[in-house]
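Any read-out appearing in this document is the output of simple, stated calculations on the displayed coordinates, not a laboratory observation. None of these values were measured; they are calculated from a predicted model. Cβ atoms come from the backbone with ideal geometry, glycine included; neighbour counts cover every protein chain shown.
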Amino acid sequence: MENRKFILSAIYWHELSGKLDTLRIEDALNKHISLSDYGSGVERIHFTFTAVRPSNTIHENEAKYDRKTKTIEMALKLSYEHVVVADAEGVLEMMWGLFVVGIDLFEGMGVVGFDESSFKKDIRKVVKL
Amino acid sequence: MITLNYLFTFQEKKVSSPKDKFLEPPPNPFFKIFVGIVVIIFLVMAKKPFLEYDKNGIPRLASWRIEKMEKEIKDFDGAEQYALRARTNGWYPCYSCTDTTHIYLYIGQVWKYGITTKGEKGRYGKSNQKLSLNYEIQYEGDLAECLKQERLKIYSYALLPENLARKKPLIRPPGNKNDS
């Protein structure tokens, strides 16, 4: 597990237990995407899907790039209300969508030496698999 | 949270001639300036008076102290009790095991119960990902209630089916070093 380049986890309200299948996305990414194909700027991506109640003020969106370890760490929020009503496939689609949205934040985080555009394009192909 | 790394100039490694190979690369001047500013701010804050006096000479807390106190008290109102659950099947550190350092957990099984407040939320981040854990919020409320819930859960863990199914049930979750 420590050698995986994509590590995805979740923070969620207990009533949503079982709805956020991070492993399915993580397995697909690690199988089909090689970060080195897009440059040397990013070697690892840690992504956390957050599905907490609207009243929760502890967990906010976060995004940072560790230039020393070339690791992107990101925690982005899903819409709690939508996750509640969606089925498993619907939530999976939302999670993929959020991951793709996260890629747009790379430039603002100071990521260098990484072709975000090609990365995003290839991620979209994986989503369709 | 955006890191400040983009403030520093990225320096390419210089190709040095053989006679220069023992020379250290020049230090980044911006880093020294940044450290200097941080030290100055720290010294100024350390010396900042914590008491103020009104026109009658009656002491009161300095406004910055009041703000800090109110923020910390407010953080106690918004606490949560959580469970860290195995994200993947595998071996996890076991602090409550008597004869081994690691325990095999299946997806969804509890590794630890804990509480956090807004001021502490950074505690779990990297370690969760490193240990392959998901963070499940089980209770939201004030700090006292969350502490009670945490205590209840830690003690009740011994009776969880996933624990009773083991040859040697644990007294508390693998990731909890003690009962509090």
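Going by Cβ distance under 4.7 Å, what cysteines of the protein assembly as shown have no possible disulfide partner?
So, B:C146.
Can you give the Kirkwood hydrodynamic radius for chain A, in Å, rounded to one decimal and based on Cα pairs?
Details: mean 1/r = 0.0664 Å⁻¹.
In chain A this quantity evaluates to 15.1 Å.
Need the list of aspartates and glutamates near A:K19 for cross-linking: C-alpha distance under 17 angstrom, and skip anything on the same chain fewer than eight residues off.
Reachable aspartates and glutamates: A:D27, A:E81, A:D87, A:E89, A:E93, B:E136.
Sorting check: for B:66-76, A:77-87, which peptide has the highest mean count of neighbouring beta carbons within 10 Å, and how do the rest follow?
On the way: B:66-76: 12.3, A:77-87: 14.7.
Answer by packing, highest mean first, reads A:77-87, B:66-76.
Rounded, prolate or oblate: which fits the range A:80-129 when a ≥ b ≥ c are the square roots of the eigenvalues of the alpha-carbon gyration tensor, with rounded for a/c under 1.5 and prolate only if a/b beats b/c? Walk me through the numbers before you get to the answer.
Details: a/c = 5.60, a/b = 1.83, b/c = 3.06.
Oblate shape, in that a/c is at least 1.5 and b/c is the bigger or equal ratio.
Name the aspartates and glutamates eligible as straight-distance cross-link partners of A:K70: C-alpha to C-alpha under 18 Å, and not fewer than 8 places from it in the same chain.
Excluding near neighbours in sequence, the set is A:E2, A:D37, A:E43, A:E62, A:D104, A:E107, A:D115, A:E116, B:E12.
Rounded if a/c is under 1.5, else prolate if a/b is larger than b/c, else oblate: which is the range B:78-164, with a ≥ b ≥ c the root eigenvalues of its Cα gyration tensor?
Details: a/c = 2.08, a/b = 1.39, b/c = 1.50.
It comes out oblate by the Cα gyration axes.
A:V101 versus B:L160, label points 7 Å from Cα toward the beta carbon: distance in nm?
Computed distance between label sites A:V101 and B:L160 equals 3.1 nm.
Which pairs break 20 Å Cα to Cα here: A:K5/A:K77; B:K74/B:K118; B:K148/B:K168; A:K5/A:K31; A:K31/A:K128; A:K77/B:K153?
Details: A:K5/A:K77 22 Å; B:K74/B:K118 9 Å; B:K148/B:K168 27 Å; A:K5/A:K31 10 Å; A:K31/A:K128 14 Å; A:K77/B:K153 27 Å.
In this structure, A:K5/A:K77; B:K148/B:K168; A:K77/B:K153 lie more than 20 Å apart at Cα.
With θ set to phi - 60°, apply the Karplus curve 6.51 cos²θ - 1.76 cosθ + 1.60 along the range A:120-128 and write out the HN-Hα couplings as whole Hz, x wherever there is a Gly or Pro.
With the stated coefficients, the range A:120-128 comes to 5, 4, 6, 5, 4, 5, 5, 4, 7 Hz.
To the nearest 0.05, how large is the calculated FRET efficiency for A:D122 and B:H102 if R₀ is 25 Å and r is the Cβ-Cβ distance? Could the numbers behind the result be given before it?
On the way: r = 36 Å, r/R0 = 1.46.
After rounding to 0.05, the efficiency reads 0.10.
Let me know the mean shielding of B:74-84 by other chains, meaning the per-residue number of their Cβ atoms within 10 Å of its Cβ.
Details: counts 1, 2, 0, 1, 4, 1, 5, 1, 4, 2, 0.
Mean partner shielding for this stretch: 2.
Below 8 Å between Cα atoms, with a sequence gap of 6+, how large is the relative contact order for chain A in percent? Walk me through the numbers before you get to the answer.
Working: 183 pairs, mean separation 35.3, N = 129.
About 27 percent, as a whole number.
Would you please give the FRET efficiency between A:E43 and B:L51, computed as 1/(1 + (r/R0)^6) with r the Cβ-Cβ distance and R0 = 51 Å, to the nearest 0.05? If you can, show how the numbers build up before the last one.
Values: r = 51 Å, r/R0 = 1.00.
Working from the Cβ atoms, E equals 0.50.
State whether the protein assembly as shown is rounded, prolate or oblate according to the following rule on the C-alpha gyration tensor (a ≥ b ≥ c being the square roots of its eigenvalues): a/c under 1.5 gives rounded; otherwise a/b larger than b/c gives prolate, and the remaining case gives oblate.
Working: a/c = 1.63, a/b = 1.05, b/c = 1.55.
Oblate, since a/c reaches 1.5 and b/c is not below a/b.
How far, in degrees from 0 to 90, does helix A:88-103 lean away from the longest principal axis of the Cα atoms of chain A, to the nearest 10?
Its long axis makes an angle of about 40 degrees.
Under 18 Å from the Cα of B:K177, which aspartates and glutamates turn up, not counting those fewer than eight places away in the same chain?
B:D99, B:E150
Which of the peptides A:94-102, B:133-141 is most tightly packed, and how do the rest follow, judged by the mean count of other Cβ atoms within 10 Å per residue?
Numbers: A:94-102: 17.7, B:133-141: 20.9.
Ranked from most to least packed, the peptides come out as B:133-141, A:94-102.
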